[in-house]
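The values are calculated or read from the model by the stated rules, or taken from the named source; none is laboratory data. This one's a predicted model, so the numbers in the text were calculated from it and none came from an experiment. Every residue, glycine among them, receives a Cβ derived from its backbone with ideal geometry; neighbour counts consider all protein chains shown.
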Protein chains: 2
Amino acid sequence: MADTISFARGAPSLDIVDVEGLKDAAVRAFERDPAGVTAYGTAVGYVPLREWIAAKHGVDVSQVLVTNGSMQADAFLFETLVQQGDPVVVEKPTYDRTLLNLRARGADVRMVSLQPDGIDVDELAGLLEDGLRPTLAHVIPNFQNPAGYTLSLEKRQRLLELARRHEFVVFEDDPYVDIRFAGETLPTMLSLDDAGTVVYASSFSKTVCPGVRVGYLVGPAERIAQITKLATNTYIAPNMLAQATVFQFCDSGALDRSVATVKEALAERVKLLTAALDRELPDAEYVAPEGGYFMWVSLPEGTDVDAVFEEAKGLGVQFVKGTDFLLEGGENTMRLAYSGVTADQIDEGVRRLAQAVEAARSRAAA
Amino acid sequence: MADTISFARGAPSLDIVDVEGLKDAAVRAFERDPAGVTAYGTAVGYVPLREWIAAKHGVDVSQVLVTNGSMQADAFLFETLVQQGDPVVVEKPTYDRTLLNLRARGADVRMVSLQPDGIDVDELAGLLEDGLRPTLAHVIPNFQNPAGYTLSLEKRQRLLELARRHEFVVFEDDPYVDIRFAGETLPTMLSLDDAGTVVYASSFSKTVCPGVRVGYLVGPAERIAQITKLATNTYIAPNMLAQATVFQFCDSGALDRSVATVKEALAERVKLLTAALDRELPDAEYVAPEGGYFMWVSLPEGTDVDAVFEEAKGLGVQFVKGTDFLLEGGENTMRLAYSGVTADQIDEGVRRLAQAVEAARSRAAA
């Protein structure tokens, strides 16, 4: 069998990572700030990077905490906010690790439908009117994982109104925001918020690379201070070497070039992927994403994605089943990640996928 | 006032960190393994470093988890082992962050006296005979923080016997082991254990530098697998850039040179520090450490360390009060760290300390 083609990996292929630029940034970090790179540092993160992030978002540095990847930021936020039994709103479908972690904390997870223009705010308003009092609502506003959908400006504003009125935290989980390759950038809810209801998380995993494990939180200063205390007690300080390297990478302009490279590559991959799907799996439904890593594909009702997954394994193509992102339903859906496949793999990958769907259907019919 | 001299900082001064060697190691990491450095990696840590650690300790790789610093390793271990109300044994005095974290988890912390040859195993045996059933005993066997004492071989064996008989975990917290500059190296309890009672933690903070934030756990494979799952859900993977850099540093022989530099410097500092104490504060009592960063100093009974601390602030010298490492008592004790002071600061620092003690005594007498 030929090498496996993975539409499962939500990570960049090596060809779109600026390894040379990162190496140079690490060298500059050691040369320009040897004490800052090698000493413990503090839990708030590497101070120049914290300042860079504050400037990017137009907030005070006291509102920023730089962490070991944004999953760690999520974990800290959940630890300070979510107790056993607390209702928490998430999108349906949503990122599988968020779902897992909220359930592991014993949260009462309420999934609210996701539409191509984002979370169904009417459905959420109905639940709130019926008395739901969530601690927080977790929303991935741009190029959502797994669906690839983006929350409209109108819904962003509506969500903030609901959060203010019903006093819940909007957790704006926004790692893909800078990887928009089509359409127009929308303002973050963080920037629209004037009531301190938003806690914002993002990351350098998609713009620099995942191996640096640098993410961050932006939120009200008191909440950030509370989480910083938890961070101090957990690990004293996050990784200074990685954060200083990321700072040098951003500060030198390498970040802008890296983002341009990533966007160009992903735009081409989406073009190839949608063309291949239209040709090989014409009854598959999807919304072509305007950014990010992922596309949600619905096969006709009755298609059994478990069976497709098994057939795909044998044919050397991987994806993540839609059911992994849901508490129930989604049996005919899948998430295709185009971040980790190079352009030349896409046609062959979709051909194998179509074969897998065909084989699963034949088997079901037999 | 002259620059403050800090005997408080449990961190290396920059002159004993091999910044050039680390920079070269980072460059080699990018050049030799660009995919490994930039991709997510897995929660077990950077695979070649995990293998290096397993070889160092003579264990299977499945027994090793590499983490973002050893405090994070502690936090994971406590999260899997220690529930609200669980009795946990620690040394008296012990590392203040360990004390803080165990109390934050609601552990029933039982302090057992520390002697110059380590934890008082007779006192512990008595508590166990009286029915104490601890979940774990936390022990810093070499050059203990804060006391600088080392657990004797006989007591290591005795502690293992007690752990086997009473079925508690020995948490061997051993970040200073490789920084021995006098006396003979003793076997780790991990290496003496044949019943899977030991979980061992160590770190590269003292041998490479703290800013890389690389620590690790070694223990029974099943326990490591359980903690790895928790690590995956917390941060997907620890820092690949930092761990790959540390691996290149270790693999090239730079680590051995770095350890030699650190040991030579610390040995000289202890010599200067003890000579200065004997001269300036002849009624202070201490045991000269054979390694590590810290020395415990007892002033005559009745000396009020709070008052000394306040006077010291004004005189430009810092230390940590002994009371910070205890639940009660220690009012006449202090921890002096000699890791962060350079040789030329020690005489002046101790002179100021003696002035502070004198001032506190005069004030108390007035």
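All of B:69, B:45 fail the test of being crowded, with 18+ Cβ neighbours inside 10 Å, more than 10 Å from chain A (Cβ to nearest Cβ), in contact with a strand residue (DSSP E or B) (Cβ under 7 Å, 6 or more places away or on another chain) and under 18 Å from residue B:214 (Cβ atoms), apart from B:45.
Regarding residue B:158, is this residue over 29 Å from residue B:289 (Cβ atoms) and in a helix (DSSP H, G or I)? For residue B:158, the condition - over 29 Å from residue B:289 (Cβ atoms) and in a helix (DSSP H, G or I) - is not met. Selection of segment B:339-364 for residues being touching a strand residue (DSSP E or B) at 6+ places or on another chain (Cβ under 9 Å) and either closer than 17 Å to residue B:285 by Cβ or assigned to a helix (DSSP H, G or I) (or both) yields B:345, B:346, B:348, B:349, B:350, B:351, B:352, B:353, B:355, B:356. Among the residues of segment A:1-30, those that are more than 7 Å from every other protein chain (Cβ to nearest Cβ) and of a type in the set (D, E, K, R) comprise A:3, A:9, A:15, A:18, A:20, A:24, A:28. You will find that of A:300, A:282, A:187, the residue that is in a loop (DSSP other than H, G, I, E, B), assigned by TED's automatic domain parsing to the domain that holds residue A:68 and more than 18 Å from residue A:42 (Cα to Cα) is A:187 and no other. Residues in segment B:303-338 that are touching a Phe, Trp or Tyr at 6+ places or on another chain (Cβ under 6 Å) and either surrounded by 22 or more Cβ atoms within 10 Å (Cβ to Cβ) or in a loop (DSSP other than H, G, I, E, B) (or both): B:319, B:334, B:335, B:336, B:337.
If we scan segment B:81-89, do we find a residue that is within 30 Å of residue B:247 (Cα to Cα) and either within 14 Å of chain A (Cβ to nearest Cβ) or buried (at least 19 other Cβ atoms within 10 Å of the Cβ) (or both)? Within segment B:81-89, one or more residues are within 30 Å of residue B:247 (Cα to Cα) and either within 14 Å of chain A (Cβ to nearest Cβ) or buried (at least 19 other Cβ atoms within 10 Å of the Cβ) (or both). Residues in segment A:161-184 that are of a type in the set (D, E, K, R) and assigned to a loop (DSSP other than H, G, I, E, B): A:167, A:174, A:178, A:184.
Screening segment A:31-42 for residues that are within 7 Å of chain B (Cβ to nearest Cβ) and touching a residue at least 60 places away in the same chain (Cβ under 8 Å) and picking the one that is surrounded by the most Cβ atoms within 10 Å (Cβ to Cβ) gives A:37.
Let me confirm something: among A:228, A:234, A:207, which residue is touching a helix residue (DSSP H, G or I) at 6+ places or on another chain (Cβ under 6 Å), assigned to a helix (DSSP H, G or I) and under 30 Å from residue A:31 (Cα atoms)? Only one candidate qualifies: A:234. Just one of the listed residues (B:182, B:137, B:201) is over 26 Å from residue B:254 (Cα atoms) and either modelled with pLDDT of 95 or more or within 14 Å of chain A (Cβ to nearest Cβ) (or both), namely B:137.
Could you please let me know if residue B:273 is buried (at least 24 other Cβ atoms within 10 Å of the Cβ) and closer than 30 Å to residue A:77 by Cβ? No. Number of residues in segment A:204-248 that are within 11 Å of chain B (Cβ to nearest Cβ) and not aliphatic (A, V, I, L, M) equals 15. Scanning segment A:48-66 for residues that are of a type outside the set (A, V, I, L, M) and either within 14 Å of chain B (Cβ to nearest Cβ) or under 16 Å from residue A:238 (Cα atoms) (or both) yields A:48, A:50, A:51. Under 9 Å by Cβ, and 6 or more places apart or on different chains, what pairs join a residue from segment B:83-109 that is in the same structural domain as residue B:329 (by TED's automatic domain parsing) with one that is crowded, with 20+ Cβ neighbours inside 10 Å? Close Cβ pairs (under 9 Å, with a partner that is crowded, with 20+ Cβ neighbours inside 10 Å) do not exist here.
Each row is one residue, and each column tells you yes or no for (1) out of contact with any helix residue (DSSP H, G or I) (no Cβ under 7 Å at 6 or more places or on another chain); (2) free of Cβ contacts under 8 Å to residues at least 40 places away in the same chain.
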{"residue": "B:259", "(1), (2)": "yes, no"}
{"residue": "B:275", "(1), (2)": "yes, yes"}
{"residue": "B:280", "(1), (2)": "no, no"}
{"residue": "B:290", "(1), (2)": "yes, no"}
{"residue": "B:316", "(1), (2)": "no, no"}
{"residue": "B:324", "(1), (2)": "no, no"}
{"residue": "B:343", "(1), (2)": "no, no"}
{"residue": "B:355", "(1), (2)": "no, no"}
{"residue": "B:362", "(1), (2)": "yes, yes"}
